[in-house]
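Have a look at the structure below, then the notes.
The values are calculated or read from the model by the stated rules, or taken from the named source; none is laboratory data. If you're wondering where the values come from, they're calculated on a predicted model, not measured in any experiment. Here the Cβ positions follow ideal geometry from the backbone for every residue, glycine too, while neighbour counts run over all protein chains shown.
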Ligand SMILES: C[S@@+](CC[C@H](N)C(=O)[O-])C[C@H]1O[C@@H](n2cnc3c(N)ncnc32)[C@H](O)[C@@H]1O
């Protein structure tokens, strides 16, 4: 089979996608080769064939769209390839649900009618910085978050009515579960800050993965490709042994809650207070009682773990760190822990490679399973299964 790929009108200018001229099969082969090349110095029992994303079009459930231009010519879209200050005004995007174009049109018209300035990333002036959107694939529900400059006082006393008017326009046209405003005056270009408040609807939207329901709030970490995340989680569940399990870097309980059904007890830890609050809510939401979540950083937790009773029956440690990989302390403690199995979920092959150099002193690499969570981008997820020597 050689699937012809759809190429959007912004391809080459927009930084959103790569290699769209290839068929999906050709593109997957590139990624497979990349995994083999990067990990070629290790003895690996099996590098499995890459798990394709079930959908390569409209697959993302969250995207942050930058706002720029002038009030007469507003752009909403993604950064240009190689030109960070320029925005591609998206008329179509095959990464996210097509509904976004209508959302953009409503926001642009509302800005123009109310003379609201788009943000200028060079001058650090203007009002609207980002339109960030989440989409629940299961319930076809949108969460819209408008990222603005200013203050809560200014918003409450002078701007609220105008934003409520935007809300009314959005919900008239689209199925939107929730609308938030986030205030961000930082020079650095992050979309979110903690100063975030709801202006319409529910606090969260819901998603379902392999029968587990998740509440998704604006600041929740959630894997961005819902259908492929089902595959990723199935793999992790399959590779995990029974008994006690530890899920380090658990986010809002994504993996933890999937694995719970198979094990005696699982503890999830994450350094984000918000993630842990939501992880606990998600456990209650699903009536799962053999999980425990702790808000701490991996470095602190791992030191006290060795002394705990829980550690004596620990069968598997799951790690899913950020792109930087494991810190030196966590890497040393886990690789010297003697635990039978490590399941390492990684979104960065380069840092995985570095961490494996330490692991192989104590562990055999049983298999590496690449998963194409981010089709037609350079990003790749892998699950590496390590077994104690
Ligand atoms: C890739 S995400 C984990 C995703 C999660 N396993 C899931 O499937 O939803 C990485 C997580 O690591 C957390 N984190 C970052 N640094 C940390 C640290 N030093 N200790 C513990 N957690 C950390 C972040 O808050 C984030 O939730």
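Out of the range 250-273, which residues are assigned to a helix (DSSP H, G or I), under 22 Å from the mean Cα position of the chain (by Cα) and surrounded by fewer than 17 Cβ atoms within 10 Å (Cβ to Cβ)?
Selection gives 273 alone.
How many of the residues in the range 88-97 are in contact with a strand residue (DSSP E or B) (Cβ under 7 Å, 6 or more places away or on another chain) and not in a strand (DSSP E or B)?
Selection size over the range 88-97: 4.
Kindly evaluate residue 43 against the criterion of being in the same structural domain as residue 375 (by TED's automatic domain parsing) and closer than 20 Å to residue 228 by Cα.
Taking the combined requirement at face value, the residue does not satisfy it.
Restricting attention to the range 296-314, and to residues there that are in contact with a strand residue (DSSP E or B) (Cβ under 7 Å, 6 or more places away or on another chain) and near the ligand (Cβ under 9 Å from one of its atoms), which single residue is modelled with the lowest pLDDT?
301
Just for the range 213-224: of the residues that are buried (at least 22 other Cβ atoms within 10 Å of the Cβ) and not in a loop (DSSP other than H, G, I, E, B), which one is nearest to the ligand (Cβ to nearest atom)?
214
Determine which single condition residue 287 fails, assuming it passes every other condition in (1) part of a loop (DSSP other than H, G, I, E, B); (2) more than 19 Å from residue 342 (Cα to Cα); (3) within 12 Å of the ligand (Cβ to nearest atom); (4) at pLDDT 95 or above.
Among (1) part of a loop (DSSP other than H, G, I, E, B); (2) more than 19 Å from residue 342 (Cα to Cα); (3) within 12 Å of the ligand (Cβ to nearest atom); (4) at pLDDT 95 or above, the lone unmet condition for residue 287 is (3).
Considering only the range 177-202, state which residues are in contact with a strand residue (DSSP E or B) (Cβ under 7 Å, 6 or more places away or on another chain) and not in a strand (DSSP E or B).
Residues satisfying the conditions are 184, 191, 192, 193, 195, 202.
(1) more than 15 Å from the chain's Cα centre (by Cα); (2) more than 13 Å from the ligand (Cβ to nearest atom); (3) at pLDDT 95 or above: which one isn't true of residue 237, the others all being true?
(2)
In the range 57-87, how many residues are farther than 22 Å from residue 139 by Cβ and assigned to a loop (DSSP other than H, G, I, E, B)?
So the count comes out to 4.
Residue check: is residue 330 outside any helix (DSSP H, G or I) and crowded, with 16+ Cβ neighbours inside 10 Å?
Spelling it out, it is not the case that residue 330 is outside any helix (DSSP H, G or I) and crowded, with 16+ Cβ neighbours inside 10 Å.
Pick from 130, 192: which is closer than 20 Å to residue 77 by Cα and within 14 Å of the ligand (Cβ to nearest atom)?
On inspection, the qualifying residue turns out to be 192.
Go through (1) within 16 Å of the ligand (Cβ to nearest atom); (2) over 25 Å from residue 372 (Cα atoms); (3) assigned to a helix (DSSP H, G or I) for residue 228 and report which single condition fails.
Going through the list (1) within 16 Å of the ligand (Cβ to nearest atom); (2) over 25 Å from residue 372 (Cα atoms); (3) assigned to a helix (DSSP H, G or I), residue 228 breaks only (2).
If residue 242 satisfies every condition in (1) in the same structural domain as residue 291 (by TED's automatic domain parsing); (2) out of contact with any strand residue (DSSP E or B) (no Cβ under 7 Å at 6 or more places or on another chain); (3) modelled with pLDDT under 95 but one, which is the exception?
For residue 242, the failing item is (2).
Give me a count of the residues in the range 119-138 that are out of contact with any helix residue (DSSP H, G or I) (no Cβ under 7 Å at 6 or more places or on another chain) and either on the phi > 0 side of the Ramachandran plot or surrounded by 13 or more Cβ atoms within 10 Å (Cβ to Cβ) (or both).
Count: 13.
Is it fair to say residue 268 is within 13 Å of the ligand (Cβ to nearest atom), outside the structural domain of residue 132 (by TED's automatic domain parsing) and under 30 Å from residue 56 (Cβ atoms)?
no
Which residues, taken from the range 334-361, are buried (at least 19 other Cβ atoms within 10 Å of the Cβ) and either away from the ligand (no atom under 12 Å from the Cβ) or part of a helix (DSSP H, G or I) (or both)?
334, 335, 339, 341, 342, 349, 352, 355, 356, 359
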